[in-house]
Structure formats: C-alpha cells, structure tokens
Amino acid sequence: MALKKAQLEDLIALAREAMGAAYAPYSGYRVGAVAFTDKGDAYTGCNVENASYGLTVCAERVAIWKAISESQDQIVALVIAVEDKEMPRPCGACLQVMAEFAGQDLQIVTVRGDGSYESLTLDDCLPMPFRLES
Ligand code: THU
C-alpha cells in the first residue's frame with residue numbers, strides 16, 4: 001500500500017537530511033536514504049565510500065542493514081535522495097538486497113536535488129529478483 005502524502009513528505013525530508021552525513025570524497029555524489037518498515041519505523045542511511053573504491057556501500061543498503069540489524073524484517077518503502085539534478089536510480093545490487101526484505105510492491109521513492117520525486121515499485125525496477133523459494 002502506497003504511503004500517504006504527509007508521511008511520504010516526512011520520509012523525503014528525513015532522506016534529504018540523511019544525505020548530509022554522506023561520506024563521498026571520491027565521487028562527490030551524495031546520497032541519503034530511508035528504509036521504512038511494516039512496524040512504522042524509519043531507518044536512515046547515507047553512502048559511505050572507501051579509498052579502495054570497491055568497498056563503497058550505497059545509502060540504500062546502509063539504511064536496510066540498520067533496519068534489519070534492529071530486528072525489523074519487512075521494508076515497505078525505500079526513499080532515496082540526491083542533491084544532483086538527475087533523478088537517482090537504485091543500483092542492481094541494492095535492488096536485490098531490497099528483494100530479500102520486501103515484496104514486489106515495495107514503494108521506491110526517488111528524490112532529486114530540486115525536491116521533485118517519483119514513486120516506483122520494486123517490481124518496476126527489478127521484475128525478476130533472484131529468490132530461493134522454500
Ligand atoms: N550510490 C548510492 O548510494 N546509491 C545509489 O543508488 C547509487 C550510487 C553511491 C555509491 C557511491 O558512493 C556514489 O553513489 C557514486 O556511485
């Protein structure tokens with residue numbers, strides 16, 4: 001179920017604030033994220049880069065790992081904010097991690113520097129995630 005407008009706007013503000021903590025000295029591309037759970041809790045994240053480049057972690061995964069490590073298990077919305085003028089798109093690795101803890105109806109909200117946003121679902125972005133069905 002899609003977030004209500006007021007709630008969405010609060011989460012967008014939170015994601016934009018989380019972008020302030022981004023550690024992005026190599027790319028200069030700052031990202032903030034919020035993972036919102038079925039229990040109504042919000043976990044923020046930012047991208048954290050590394051001198052070895054490959055160890056860089058995206059904001060989305062930082063937010064998801066914070067949520068899961070606090071005993072949450074279902075994410076219902078993921079907000080991603082950048083200061084860039086282009087709309088952000090979550091990378092394939094983050095989408096696969098989202099699929100582990102969310103249904104295909106996960107609401108993914110992307111926010112660009114001017115504050116305009118788009119609402120997508122995980123199914124739009126990753127229609128065939130790898131899943132081990134039991
Ligand atoms: N990045 C994210 O945090 N999320 C995305 O959806 C795409 C990319 C980060 C990783 C790296 O720190 C910087 O953006 C440039 O790729």
Comparing Val62, Val79, Val48 in a Gaussian network model of the chain (Cα, 10 Å), the one with the largest mean-square fluctuation is Val48
Convex hull volume per residue for segment 18-134, taking Cα atoms only, in Å³ = 111
For the residues Leu78, Leu122, Leu55, what sequence is obtained by ranking on other C-beta atoms within 10 Å, fewest first?
-> Leu55, Leu122, Leu78
What 222 nm value per residue comes from the helices of the chain, counting each DSSP H run with n ≥ 4 as -39,500 (n - 2.57) and dividing by all residues, nearest 500 deg cm²/dmol?
-> -8000 deg cm²/dmol
From fewest to most C-beta neighbours within 10 Å, the residues Glu118, Glu133, Glu83 line up as Glu133, Glu118, Glu83
If each residue's Cβ is checked for other Cβ atoms within 10 Å, how do Phe101, Phe36 rank with the fewest at the top?
-> Phe101, Phe36
Compute the signed sum of charges (Lys and Arg +1, Asp and Glu -1) over the other residues within less than 14 Å, Cβ to Cβ, of Tyr117.
-> -2
In a shell of Cβ-Cβ distance under 10 Å around Ala67, excluding Ala67 itself, what net charge do Lys and Arg (+1) and Asp and Glu (-1) give?
-> -1
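Since every read-out is calculated from the coordinates, none of them should be taken as a lab result. The shown structure was predicted, so the numbers you read here are calculated from the model rather than taken from an experiment. For neighbour counting, all protein chains shown are included, and Cβ atoms are generated from backbone atoms with ideal geometry for every residue, glycine included.
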